[in-house]
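Q: I'd like to ask some things about the structure below.
The values are calculated or read from the model by the stated rules, or taken from the named source; none is laboratory data. Remember, it's a predicted structure, so these values are computed and weren't measured experimentally. Note that each Cβ is placed from the backbone with ideal geometry, even for glycine, and that neighbours are counted across all protein chains shown. Note: accessible area is taken over every heavy atom of the protein model, side chains too, but ligands, DNA and RNA are not part of it. Shrake-Rupley method; radii C 1.70, N 1.55, O 1.52, S 1.80 Å.
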Amino acid sequence: MIIAMKQGAAPEAVRNFAAGLEKQGVKIHLSEGASQTVLGLVGDTTGIDEKALKAHHLVEKVIRVQEPYKRANRLFHPEDTRIDIRGGDSGVRHIGAGYLGIIAGPCSVETREQIIGIAQDVKQAGAGFLRGGAFKPRTSPYSFQGLGCEGLDLLMEAKQETGLPIVTELMAIHQLEVFDEVDIIQVGARNMQNFTLLKELGHCRKPILLKRGYAATITELLMAAEYIMAGGNEDIILCERGIRTFDSYTRNTLDLSSIPALKKLSHLPVIVDPSHATGISWMVPAMTKAAIAAGADGVMLEVHNDPENARCDGEQSITPAAFAALMEALRKYASIEGKNIGPAV
Ligand code: PEP
Ligand code: MN
């Protein structure tokens, strides 16, 4: 961090100011020019409040050189993070560091037949994880809100049946009580900056799939991950799921450039959700391939056995047959990228 002091600031006052900063654990290099003094701060500046510095009467300008996040930062953790997940069988699945995580399943759990049938189909096609919402964040209070605890029980049955680890969304802290058997906790786009929730998940010992808020910058997503990591939970999977732009042809705009950006800035695995990003099922295969080609560590896809009659997000859900065809193509993409996609079944 670089701090330019105001012209004419008294040298004594500047030295006192610098001494105060040193008490916060950074080293200061002080350069006295003819009319202005500049302070160079080295060390860990994540705890230094840039806005408070700007408000100080001696300060002219503050330039942050280092990113405001530490634990999520690749600078302090150069190698890729690999998340290991055990499901209902003895197998351990990985996401990140050369392993692609393929998460598939319906937007929401609807019935036993639906979730178990889809789980068997996606497993057969080669998915590594089953998704399905039990608690659904819907825009309208009159839309289907998910089956709640009953939905979680059905997900557990599907896990027993197939061995696939379960990914499902947590909307409120109190729901943690019933998430014991969930393998990956999803934090949805709408909750990406629910800081109370993020702090609580920092104390939890399960991997977190953190979705990008639809108006969140890349730095804000990484700061949300930092919130969880600061509490001690370092198993975070970042998920690009499209952002709001002026175009309304697609539900959101898939920000493919966030993949290389996040991978450059952070060691955490990055996956993509082309279903919510596009909102259109026929676009999902193309954007899935694009995501893997851009370096994503996996995808999360909405798959439904009867999209026309789905209780949620049918228009963006692909069928099990389309998913199986896509998996065929992804095996080729994975081999080109030198990534492991799990065994062909
Ligand atoms: C979902 O994955 O079911 C979901 C609601 O996604 P998002 O939070 O990205 O809208
Ligand atoms: Mn959905």
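Q: Pull out all pairs, ordered by first then second residue, where Cβ-Cβ is under 9 Å, the residues are six or more apart or on different chains, the first lies in the stretch 294-308 and is more than 12 Å from L100 (Cβ to Cβ) and open to solvent by 10 Å² or more (accessible area, probe 1.4 Å), and the second is more than 15 Å from ligand 1 (Cβ to nearest atom) and assigned to a loop (DSSP other than H, G, I, E, B).
A: Close Cβ pairs satisfying both conditions: A294/L256; A294/S257; N305/T319; D306/T319; P307/T319.
Q: Out of S275, S258, S248, I need the residue that is in the same structural domain as I118 (by TED's automatic domain parsing), open to solvent by less than 30 Å² (accessible area, probe 1.4 Å) and away from ligand 1 (no atom under 13 Å from the Cβ). Which one? Working first, answer last.
A: Numbers: S275 fails: away from ligand 1 (no atom under 13 Å from the Cβ); S248 fails: open to solvent by less than 30 Å² (accessible area, probe 1.4 Å).
None of the others qualify; the one that does is S258.
Q: Only one of Q186, Q175 is within 22 Å of the chain's Cα centre (by Cα), within 16 Å of ligand 1 (Cβ to nearest atom), buried (at least 16 other Cβ atoms within 10 Å of the Cβ) and farther than 21 Å from L238 by Cα; which? Quick ask: steps written out before the conclusion?
A: Numbers: Q186 fails: farther than 21 Å from L238 by Cα.
It is Q175.
Q: For the stretch 2-12, give me the residue count where each residue is surrounded by fewer than 13 Cβ atoms within 10 Å (Cβ to Cβ) and in contact (Cβ under 8 Å) with a residue 12 or more places away in the chain.
A: 3
Q: Oh, and also: Determine the pairs where a residue that is in the same structural domain as N191 (by TED's automatic domain parsing), located within the stretch 130-146, has a partner that is of a type in the set (F, W, Y) with Cβ atoms under 9 Å apart, the partner being 6 or more residues away or on another chain.
A: Correct list of pairs: K136/F144; R138/F144; Q145/F135; G146/F135.
Q: Give the residue, chosen from I280, I318, that is open to solvent by 20 Å² or more (accessible area, probe 1.4 Å) and within 16 Å of ligand 2 (Cβ to nearest atom). Break it down into steps so the answer makes sense when it comes.
A: Numbers: I318 fails: open to solvent by 20 Å² or more (accessible area, probe 1.4 Å).
Result of the check over I280, I318: I280.
Q: Further question on the same structure: In this structure, does D84 turn out to be free of Cβ contacts under 8 Å to residues at least 60 places away in the same chain and within 21 Å of H267 (Cα to Cα)? Outline the logic, then answer.
A: Values: free of Cβ contacts under 8 Å to residues at least 60 places away in the same chain: yes; within 21 Å of H267 (Cα to Cα): yes.
Considered against the rule, which asks whether it is free of Cβ contacts under 8 Å to residues at least 60 places away in the same chain and within 21 Å of H267 (Cα to Cα), D84 comes out as yes.
Q: Let me ask something else about it. Could you list all residues from the stretch 30-51 that are more than 16 Å from V14 (Cα to Cα) and either over 29 Å from the mean Cα position of the chain (by Cα) or not β-branched (V, I, T) (or both)?
A: Selection gives V42, G43, D44, G47, D49, E50, K51.
Q: Considering D84, D80, which residue is surrounded by fewer than 20 Cβ atoms within 10 Å (Cβ to Cβ) and assigned to a loop (DSSP other than H, G, I, E, B)? Steps first, answer last, please.
A: Details: D84 fails: assigned to a loop (DSSP other than H, G, I, E, B).
Just one listed residue meets the conditions, D80.
Q: Only strands (runs of 3 or more DSSP E) wholly contained in the stretch 105-192 count here; list those with 3 or more residues that are among the aliphatic types (A, V, I, L, M) and more than 16 Å from ligand 2 (Cβ to nearest atom).
A: In the stretch 105-192, there are no strands (runs of 3 or more DSSP E) which contain 3 or more residues that are among the aliphatic types (A, V, I, L, M) and more than 16 Å from ligand 2 (Cβ to nearest atom).
Q: Still on this structure, please answer the following. With the requirement that a residue be assigned to a loop (DSSP other than H, G, I, E, B) and either open to solvent by 80 Å² or more (accessible area, probe 1.4 Å) or away from ligand 2 (no atom under 16 Å from the Cβ) (or both), what does the stretch 193-219 give you?
A: The initial filter retains those residues of the stretch 193-219 that are assigned to a loop (DSSP other than H, G, I, E, B), namely 193-194, 202-207, 212-217.
Q193, N194, G202, H203, C204, R205, K206, P207, A215, A216, T217 - these are the residues of the stretch 193-219 that are assigned to a loop (DSSP other than H, G, I, E, B) and either open to solvent by 80 Å² or more (accessible area, probe 1.4 Å) or away from ligand 2 (no atom under 16 Å from the Cβ) (or both).
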